[in-house]
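To start, the structure under review is shown below, and the notes come after it.
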């Protein structure tokens, strides 16, 4: 297996999208692949720019092993370590979630996901044991799912409304941000020899624009890893899409330049992107970090999860630019 093969689950080919039905919300009891690392996820990202708040709800299953990791974390401002967050509760070895009717529960952490209408509306309730924290959110579709042409992954911007309670403080939520769902593909956790991998998304509600892409910085810029990792400019894009006027098109080219802070574990400060969509349009994107938290979903990877203020072709919006730093990169460039 090559280093790029380890990231195969992030990729798609061609200009087409897949489709999913209502059963995409249900746990896949038979993943159709016997490899131990086959993975299934539920992930919800709640961004509240008015509070510089980042919240994640994550259920990460290994169905062939009958185990899952799951948790909720909530951070305001800048958290350089998970234990600095306003709330952090991520548990690595749990039973598979319980599913009954339209409800999925991880009772060990106090999490309940209820599907009100598949692909249109879900409810999230979280009240962990021994914590004065409660999350009550409704998530309604702000777009149709963007389905990778593998048919095993989709992204969807949602409008989250409700409340997040942290002790005596209650934070009102009424914002649009991402969720995704994946299943049936192997994700090995081996150390990977690649540069920082970005997963970026943004929504621009005034114009009903949205984007998502996955990839590396363009080595034509003065990237810190130039000459270390053999990734040419034409291979910096793994996958991506662009939404305008309800029409979803693939991203076919991306050139990205990121500024990171070596004093703070290479946290993203700003990012500049030019990308082309399959309709022949070129877009210019500038992002500035407003808040960020650091997470370690796997021991062999560090993840920066920022709140990004975006400018896309002159339109203002919000989103993220998650950055995944693997062990080889960290050893070389954190020193």
Take segment 193-335, compute every pairwise Cα distance, and split them into 10 Å bins from 0; I just need the percent in each bin.
12, 44, 33, 10, 1
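State, to one decimal in nm², a quarter of the convex hull surface area for the C-alpha atoms of segment 142-222, i.e. the direction-averaged projected area.
9.5
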Principal axis lengths of segment 80-182 from Cα atoms, whole Å, largest first?
41, 32, 32
Unit Cα scatterers, Debye sum, the chain: log10 I(q)/I(0) for q = 0.09, 0.11, 0.14, 0.16 Å⁻¹:
-0.44, -0.68, -1.19, -1.66
Distance between the C-alpha centers of segment 262-277 and segment 15-39? Whole Å please.
31
Sequence gap at least 6, Cα distance under 8 Å: using those rules, report the relative contact order of segment 36-188 to the nearest whole percent.
22
Please give the calculated 222 nm ellipticity per residue for the chain, where each DSSP H segment of at least 4 residues contributes -39500 (n - 2.57) and the sum is spread over every residue; nearest 500 deg cm²/dmol?
-500 deg cm²/dmol
Zone of residue 144 (label point 7 Å along Cα→Cβ, backbone N under 19 Å): which residues in segment 235-249?
240-249
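What FRET efficiency do you get for residue 120 and residue 245 if R0 is 22 Å and r is their Cβ-Cβ distance, rounded to the nearest 0.05?
Efficiency at R0 = 22 Å is approximately 0.60.
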Contact order normalised by length for segment 124-273, with contacts defined as Cα pairs under 8 Å and 6 or more residues apart; what percent is it?
13
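Arranged from highest to lowest average of other beta-carbon atoms within 10 Å per residue, in what order do the peptides 59-71, 198-210 appear? Provide the component values of the computation, followed by the final result.
Values: 59-71: 18.9, 198-210: 20.6.
Highest mean packing first, the order is 198-210, 59-71.
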So what's the gap between the Cα centers of segment 205-255 and segment 172-195, to the nearest angstrom?
16
Want the number for residue 253 to residue 165: 0.36 nm per residue separation, take away the alpha-carbon distance, what's left?
27.5 nm
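The numbers here are math on the coordinates, done by the rules we state, and not lab data. All figures in this text were calculated on a predicted structure; none of them were measured in a lab. Cβ coordinates were reconstructed from backbone atoms using ideal geometry, including for glycine residues, and neighbour counts include every protein chain displayed.
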